[in-house]
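The values are calculated or read from the model by the stated rules, or taken from the named source; none is laboratory data. As the structure is a prediction and not an experimental result, all values here were calculated from the model. Neighbour counts are summed over all protein chains in view; Cβ atoms, including those assigned to glycine, are modelled from backbone coordinates with ideal geometry.
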Amino acid sequence: MFVFIQFIMSNLDINLKGKTAIVTGGTKNLGAETVKELAKFGANIVIHYHSDSEKSKGESLQNEIKANFQTESLLIKADLSIESESDKLFKLTKEKFGSIDIAINNAGKVLKKPIGDVTTEEYDSMFDINTKASFQFLKSCYKYVADNGSIVFLVTSLLAAYTPAYGIYQGAKAPVEYFSKTASKELHSRGISVNCVAPGPMDTPFLYGQETDESVAFFKTQGLGGRLTKVEDIVPIVRFLVTEGRWITGQTIYASGGFTAH
């Protein structure tokens, strides 16, 4: 297994050995696969999680990347909507590994509901997790990410959609795109790239909790090959942006199989 991975690495000529990456929401779905992708190319990984229920998944993932890729990892719980917690995530990472080269904010929350039915509590929760946490994460990046590093935010292709019921989710994700554009200019002189990746409806539990069988079937008709976006469609794009694609900055990459275009 390890020999095969080394062969792939040598052919792609990508080497993240000695680099450190933070991946938020890193214990499952897209976050977990991103962790494995960066570890495959030699990066040390900090796996962030939010809830106690995710800890065991994070520990299993740590064991997996240690066994398969011989890279080091750190598992950290933090509520990123709180400035001190976000700072803790980055500070502990720097203390452990010495530098932070890649920061990927994969955490988020979705709600499908007409705006007139959204409660104040739901509004607060959506903006805490999708907007405020991204803001605090980005502030920490300014302080801790090394020169010539990379920052990536996962947003949503719904930012380019004209649709009912997702207004609160779109509204909470939209600021992240503009945070990123501004940051790409403000961090330009330090050589730090900042981008967003906007997946289409993804074949993970994140989608199915909000949708009916009928709506999922419709989403499939809008994607290339009549299917949903898969995690493996997105992971290589994220990896590209933090490796040989670092010349790209200030952009939102819509990776939706044609579900939306921007």
Practice problem: Could you run through the range 151-168 and say how many residues are among the β-branched types (V, I, T) and within 24 Å of T20 (Cβ to Cβ)? | Solution: 3
Self-check item: Residue in the range 233-254 that is farthest from Q222 (Cα to Cα), counting only those that are surrounded by 15 or more Cβ atoms within 10 Å (Cβ to Cβ) and charged (D, E, K, R)
Solution: R246
Quiz item: Looking at (1) under 21 Å from L241 (Cβ atoms); (2) at pLDDT 95 or above, which is the one condition that is false for A67?
Solution: (1)
Exercise. Go through the residues of the range 154-174 one by one and say whether even a single one is over 15 Å from V46 (Cα atoms), in contact with a strand residue (DSSP E or B) (Cβ under 6 Å, 6 or more places away or on another chain) and not aliphatic (A, V, I, L, M).
Key: yes
Practice problem: For E214, work out the one condition from (1) over 23 Å from L16 (Cα atoms); (2) in contact with a strand residue (DSSP E or B) (Cβ under 6 Å, 6 or more places away or on another chain); (3) not in a loop (DSSP other than H, G, I, E, B) it doesn't fulfil. | Solution: (2)
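Applying the selection to the range 48-64, what residues are of a type in the set (G, A, S) and more than 12 Å from I76 (Cβ to Cβ)?
Scanning the range 48-64 gives S51, S53, S56, S60.
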Quiz prompt | Any hit, the range 89-105, residues being out of contact with any Lys or Arg (no Cβ under 8 Å at 6 or more places or on another chain) and over 18 Å from A146 (Cβ atoms) | solution = no
Practice problem: Scan (1) closer than 25 Å to Y144 by Cα; (2) charged (D, E, K, R); (3) part of a loop (DSSP other than H, G, I, E, B) for the single condition K181 breaks and write down its number. | Solution: (3)
Practice problem: Could you tell me which numbered condition G257 fails, if it satisfies all but one of (1) at positive phi; (2) in contact with a helix residue (DSSP H, G or I) (Cβ under 8 Å, 6 or more places away or on another chain); (3) surrounded by fewer than 16 Cβ atoms within 10 Å (Cβ to Cβ)? | Solution: (3)
Self-check item: Positions within the range 236-262 being in contact with a Leu (Cβ under 7 Å, 6 or more places away or on another chain) and part of a helix (DSSP H, G or I), in sequence order
Solution: R239
Quiz item: Of all residues in the range 184-199, which are outside any loop (DSSP other than H, G, I, E, B), without any contact (Cβ under 8 Å) to a residue 60 or more places away in the chain and of a type in the set (A, V, I, L, M, F, W, C)?
Solution: V194, C196, V197
